[in-house]
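S.K.: Got a structure for you, questions after.
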Amino acid sequence: MRPIFIREVASFFSSIIGYVAIGVFLIACWLFLWVLSDGNNILDYGYASMDKFFDIAPLLLLLLIPAVTMRSFAEEIRTGTIEWLSTKPLTDLDIILGKYLASLALIVIALLPTLIYLYSISTLADANTVLDTGGILGSYIGLFFLAAGFAAVGVFCSALASNQVVGFLVSLFACFLLYNGFDALSKIPAFTGNIEYYLSMVGMQFHYASISRGIIDSRDVVYFLSVIILFISLTRITLARRAA
């Protein structure tokens, strides 16, 4: 698993695509939070809070993570190196976890520079203002779990395709559906008052919002871990069928 992890990280940063994906994510964060007056601008918000960042970050991750994961297996399938990997003393699970953890590490690297927003807000805030560090920490943990779930979906979608663009689009659609689809479905009048709450619980947005309140509920953690295990298992099944 370790050689796959190192290989994937090195491969990502050996091409301009890796730098462009992370750069676009960070620039988009900066524009939405500090420049554009679109309702997400921290300066216009007037409060020493990172709520606006945690509102917009999941939507930006919907673009970043498929871009990071799209080549995980799609490129291996296109070039035929997936068969070469299968001859190595590695199990399918080793290969999947190596690629998944590499993708997750790259996403964490992309999120680390956003900590400068915390410093900026604390510097700009009134001297008597105390930042809600517990809520901010909880939101970052929620964002990590959300990214981990998106990454598992992205790796699975990449295993379904032999083209990176197709992998990107399928992953983008699947992540959006899991994040926002069930919440939107629960708001349909036919479901209001009946299974509205349970439908929203199926989606990632419900559990991300729950963790972002600063309280780590074991049910939310179990949900994200279940999503990760489910899609890693589906990836393993997909690879086994390709090899058959």
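No lab work stands behind these numbers, since they all come straight from the coordinates. Predicted model, so just to flag it, every value in this text is computed and none were measured. Cβ placement follows ideal geometry from the backbone for every residue including glycine, while neighbour counts extend to all protein chains displayed.
S.K.: Using unit Cβ charges (K, R positive; D, E negative) and no other charged atoms, how large, in debye to the nearest 20, is the dipole of the chain about its Cα centre? Show your work: numbers first, answer last.
M.R.: Details: 13 positive and 16 negative charges, 165 e Å.
Once rounded to the nearest 20, the dipole reads 800 debye.
S.K.: Count charges around residue 211 for me, please; just the other residues with Cβ under 15 Å from its Cβ, Lys/Arg as +1, Asp/Glu as -1.
M.R.: -3
S.K.: Report, ordered by chain and residue number, the lysines lying within cross-link reach of residue 52, taken as a straight Cα distance under 29 Å and ignoring same-chain residues fewer than 8 apart.
M.R.: Reachable lysines: 187.
S.K.: Can I ask one more? What order do you get for 218-225, 94-101, 235-242 when each peptide is scored by the mean count of other beta carbon atoms within 10 Å, highest first?
M.R.: Details: 218-225: 14.9, 94-101: 22.0, 235-242: 16.4.
For the peptides 218-225, 94-101, 235-242, the packing ranking is 94-101, 235-242, 218-225.
S.K.: Continuing with the same structure: Helix 92-111: angle to the longest alpha-carbon principal axis of the chain, degrees 0 to 90, nearest 10?
M.R.: Compared with the principal axis, the helix lies near 30 degrees.
S.K.: Compute the relative contact order of the chain as a whole-number percentage, counting only Cα pairs closer than 8 Å that sit 6 or more residues apart in sequence.
M.R.: Values: 293 pairs, mean separation 59.9, N = 244.
Relative contact order comes out at 25 percent.
S.K.: Additional query: Could you tell me which of 214, 29, 84 has its Cα farthest along the dipole of the chain towards the positive end, charges placed at Cβ (Lys, Arg +1; Asp, Glu -1), taken about the Cα centre?
M.R.: 84
S.K.: Give the Cα extents of segment 2-243 along the principal axes, in whole Å, largest first.
M.R.: Between the extreme Cα coordinates on each principal axis of segment 2-243 lie 62, 47, 29 Å.
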